[in-house]
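Q: My structure is below; once you've seen it, I'll send some questions.
The values are calculated or read from the model by the stated rules, or taken from the named source; none is laboratory data. Predicted, not measured: the structure shown is a model, and the values here were computed from it. Reconstructed Cβ throughout: ideal geometry from the backbone, glycine too, with neighbour counts over all protein chains shown. We work out accessible area using only protein heavy atoms, side chains counted, and drop any ligands, DNA or RNA first. Shrake-Rupley method; radii C 1.70, N 1.55, O 1.52, S 1.80 Å.
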Amino acid sequence: MRIDIEPDSSTAPYEQVKLQILDQVRDGRLIAGTKLPTVRALAEQLGLAANTVAKSYRELEALGAIETRGRLGSFVAASGDASAGVAAQAATEYVATVRGLGLSDDMARSLVEAAIRGA
C-alpha cells in the first residue's frame with residue numbers, strides 16, 4: 001500500500017490518507033481481507049500524528065471500506081467500498097426531504113450543483 005501526503009495540499013492529511021486508501025480499494029490494488037498497517041505504523045511511515053491516521057481509519061470504517069478486528073488490526077472489508085451505497089441512501093433521503101418541502105426537482109438539482117461548486 002502506497003500513500004503520499006502532500007504537505008502543501010488544501011486537503012487535510014487525514015482526508016488524503018482516507019481518499020488514497022479508498023482509491024486503492026476501488027481499483028483493486030487493495031482487495032478484501034488485506035491487512036492494513038497499524039495506525040501507529042502508518043503514522044510513523046507518513047510522518048503524521050497517530051490521531052490523524054486513526055481519524056482516517058474511523059471514517060473508512062464508517063463508510064464500510066475497512067473493518068477493525070480489535071487486536072488483530074484493520075482489514076479491507078469484504079464488501080469493499082460501500083461509499084456508493086451510502087451516497088445513494090443520502091441521495092434518496094435528500095429527494096424525500098426536498099419533495100416534502102414542496103421544492104421542484106429543478107430546484108433540488110440547482111441546490112446540489114451549488115453545493116458541489118461550493119465544496
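Q: Given 64, 102, which one is over 15 Å from the mean Cα position of the chain (by Cα) and not in a helix (DSSP H, G or I)?
A: Exactly one residue qualifies, and that residue is 102.
Q: Further, regarding this structure: Against the definition (part of a helix (DSSP H, G or I), in contact with a Gly (Cβ under 9 Å, 6 or more places away or on another chain) and surrounded by fewer than 19 Cβ atoms within 10 Å (Cβ to Cβ)), how does residue 86 come out, yes or no?
A: yes
Q: Identify, by number, the condition in (1) closer than 22 Å to residue 88 by Cα; (2) open to solvent by 40 Å² or more (accessible area, probe 1.4 Å) that residue 21 doesn't meet.
A: Against the list (1) closer than 22 Å to residue 88 by Cα; (2) open to solvent by 40 Å² or more (accessible area, probe 1.4 Å), residue 21 comes up short only on (2).
Q: Next question. Looking for whichever is under 27 Å from residue 115 (Cβ atoms), surrounded by fewer than 13 Cβ atoms within 10 Å (Cβ to Cβ) and small (Gly, Ala, Ser) here; the options are 100, 64. Which one fits?
A: 100
Q: Another question, if that's okay. Please tell me if residue 59 is open to solvent by 30 Å² or more (accessible area, probe 1.4 Å), acidic (Asp, Glu) and over 13 Å from residue 21 (Cβ atoms). Write out each step before concluding.
A: Numbers: open to solvent by 30 Å² or more (accessible area, probe 1.4 Å): yes; acidic (Asp, Glu): yes; over 13 Å from residue 21 (Cβ atoms): no.
No, not satisfied.
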